[in-house]
Amino acid sequence: MIHSVENLNARIAACTACFEDKLAGADDKRHIVLCGGTGCHSSGCGDVQKALQASIDAHGLHDKVNIVVTGCHGFCEVGP
């Protein structure tokens, strides 16, 4: 639980470092970051996720590629 601004900042730093490690492939996986914000959700991000996952599975890459659904990326006009 977060009890102070310092604690919040520490959590943000830890999450940022973890996310950057994932994007860099530090866990030997590649991560596809897919917007799951409201605009992209209404534009079919769920269908995109299903199609990506089907392709990953079809190519036997489930242990090498991970899909990460996030909040809004701020590019709603070109999403998801």
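The values are calculated or read from the model by the stated rules, or taken from the named source; none is laboratory data. Owing to the predicted nature of the structure, the values given are computational and were not obtained by experimental measurement. Methodologically, a virtual Cβ is constructed for each residue, glycine included, from the backbone with ideal geometry; neighbour enumeration extends over all protein chains shown. Heavy atoms of the whole protein, side chains included, go into the accessibility calculation; ligands, DNA and RNA do not. Shrake-Rupley method; radii C 1.70, N 1.55, O 1.52, S 1.80 Å.
What the table below lists for this structure:
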{"read-out": "Hits in the stretch 1-30 (condition: among the acidic types (D, E) and either closer than 17 Å to N66 by Cα or modelled with pLDDT under 85 (or both))", "value": "E20, D21, D27, D28"}
{"read-out": "Residue in the stretch 31-53 that is open to solvent by less than 60 Å² (accessible area, probe 1.4 Å) and modelled with pLDDT under 85 present", "value": "yes"}
{"read-out": "Residue list for the stretch 54-68, filter: touching a strand residue (DSSP E or B) at 6+ places or on another chain (Cβ under 8 Å) and open to solvent by 70 Å² or more (accessible area, probe 1.4 Å)", "value": "K64"}
{"read-out": "Filtered residues of the stretch 49-77 (kept if under 17 Å from the mean Cα position of the chain (by Cα), within 21 Å of T38 (Cβ to Cβ) and assigned to a helix (DSSP H, G or I))", "value": "Q49, K50, A51, L52, C76"}
